[in-house]
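Colleague: Before anything else, here's the structure in question.
The values are calculated or read from the model by the stated rules, or taken from the named source; none is laboratory data. Keep in mind that this is a model prediction, so the values were computed, not measured. Counting neighbours? That spans all protein chains shown, and the Cβs are built from the backbone with ideal geometry, glycine included. Ligands, DNA and RNA are stripped out before the accessible areas are found, and what is left, the full protein with its side chains, is counted by its heavy atoms. Shrake-Rupley method; radii C 1.70, N 1.55, O 1.52, S 1.80 Å.
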Amino acid sequence: MYKILVIEDSETIRLELGELLSRYGYTVEAPCSFNNIIEYVNSGNPDLILLDINLPFFDGYYICREIRKKSQVPIIIVTSRDSEADELMSMNLGADDFITKPYNTQILLARIFSVLRRTYDHVKDADVITCRGLQLNLANGSIMFEEKTLELTKNELKVLAYLIKNKGNIVTREELMEYLWSADYFADDNSLSVNITRLRKKLNEIGIGEMIETRRGLGYILE
């Protein structure tokens, strides 16, 4: 049974979501105080977070950014703000999906199911995979090389895992974007570039640079 944390300042929406999600078998927590919400998230260990943007004390962008410093828990932004800029900002801060209010409850449930499946089915494949001496821990989102360890963001983890799985083969940018965000999530080419750049920087920091090769006009390959 998955635990979903609802971070939403509207009591009406909190109650509606609580009833809806409980009816479909989820455990739901929906705090009504937000001044210590980051500590609440870190201590509560939810399996997924539904996060509004317009909140008291701290907005959803800040909360998403702070959560990503310590956790890779999946986050779905649920907000009345519907501009592409808001959607892109949410994604670049590490959100897994974005849905606008008012929403169709069945679509929301489908998005939740999709994100949970992508997140936790992926982790079940194997706890640790190894390539060229690099260990990628799928359970805690970290890489280790020669006793050095670094944490990856959720998307960095997925990019590296997918490239290792397809080691020796060129992976197109379109394939990576589909794998990261699926067809039900808006993503642009620049967002993928940001993730690749950050991943390469972390690989270089840990001492295994030049691991991901760009094949111009084709995609990426891990030899």
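Colleague: Quick one: order S191, S71 from most to least accessible surface, probe 1.4 Å. It would help to have the intermediate numbers written out before the result.
Modeller: On the way: S191 0, S71 35 Å².
Sorted by accessible area, descending: S71, S191.
Colleague: May I ask you to evaluate 6.51 cos²θ - 1.76 cosθ + 1.60, the Karplus curve with θ = phi - 60°, for each residue of the range 191-206 and list the ³J(HN,Hα) values in order in whole Hz, giving x for glycine and proline?
Modeller: My calculation for the range 191-206 gives 4, 5, 4, 4, 5, 5, 4, 5, 5, 4, 4, 5, 5, 5, 4, 7 Hz in order.
Colleague: Let me ask something else about it. What is the Cα centroid distance between the range 135-152 and the range 13-48, reported in whole angstrom?
Modeller: If you average the Cα positions of each part, the centres end up 29 Å apart.
Colleague: Can you send over the carbon and sulfur percentage of the accessible area for the range 62-210, probe radius 1.4 Å, protein chains only?
Modeller: Values: 3550 of 7280 Å².
For the range 62-210, the apolar C and S fraction of the accessible surface comes to 49 percent.
Colleague: Once you mark the trypsin sites (Lys or Arg not before Pro) that are in a DSSP loop and have at most 14 other Cβ atoms within 10 Å, what is the longest gap between them in the chain?
Modeller: Numbers: sites that count: K69, K70, R132, K167, R216.
That would be 1-68.
Colleague: Can you tell which of Q106, S90, T79 lies farthest toward the positive end of the dipole of the range 76-124, using +1 and -1 charges on the Cβ of basic and acidic side chains (Lys, Arg; Asp, Glu)?
Modeller: Sorting the options by dipole projection puts first Q106.
Colleague: In this model, which of K70/K167; K70/K158; K167/K201 are farther than 26 Å apart at the alpha-carbon?
Modeller: On the way: K70/K167 29 Å; K70/K158 17 Å; K167/K201 20 Å.
Going by Cα-Cα distance, K70/K167 fall outside the 26 Å limit.
Colleague: Restricting to the chain, what percent of DSSP beta bridges are antiparallel, rounded to 5?
Modeller: Close to 50 percent.
Colleague: Enter the accessible area per residue of the chain (Å², integer; probe 1.4 Å; all protein chains in place). List each step's numbers first, then the result.
Modeller: Details: 11100 Å² over 223 residues.
Dividing the accessible area of the chain by its residue count gives 50 Å².
Colleague: Can you tell which of P46, I7, P56 lies farthest toward the positive end of the dipole of the range 1-138, using +1 and -1 charges on the Cβ of basic and acidic side chains (Lys, Arg; Asp, Glu)?
Modeller: After comparing all options, I get P46.
Colleague: Which residues' amide hydrogens lie under 5 Å from the amide hydrogen of V6, considering only partners 5 or more residues apart or on another chain, with H built in the peptide plane?
Modeller: For V6, whose amide H was placed from the backbone, the distant partners under 5 Å are E29, A30, L50.
Colleague: Right, something else. If each of S22 and K101 carries a label point 7 Å out from its Cα toward its Cβ, how far apart are those two points in nm?
Modeller: Each label point lies 7 Å from its Cα, and together they span 2.0 nm.
Colleague: Counting pairs of alpha carbon atoms under 8 Å apart in space and at least six apart in sequence, what relative contact order in percent does the chain give? Can you show the working numbers first?
Modeller: Details: 317 pairs, mean separation 28.9, N = 223.
Answer for the chain is 13 percent.
Colleague: Given charges of +1 on the Cβ of Lys and Arg and -1 on the Cβ of Asp and Glu, with all other atoms neutral, how large is the dipole of the chain about its Cα centre, in debye to the nearest 20?
Modeller: Working: 26 positive and 34 negative charges, 131 e Å.
Computed charge dipole of the chain: roughly 620 debye.
Colleague: Placing +1 at every Lys and Arg Cβ and -1 at every Asp and Glu Cβ, with all other atoms neutral, what dipole size does the range 3-119 have around its Cα centre, in debye to the nearest 20? Don't skip to the end; give the middle numbers.
Modeller: Values: 12 positive and 17 negative charges, 91 e Å.
Dipole about the Cα centre, nearest 20: 440 debye.
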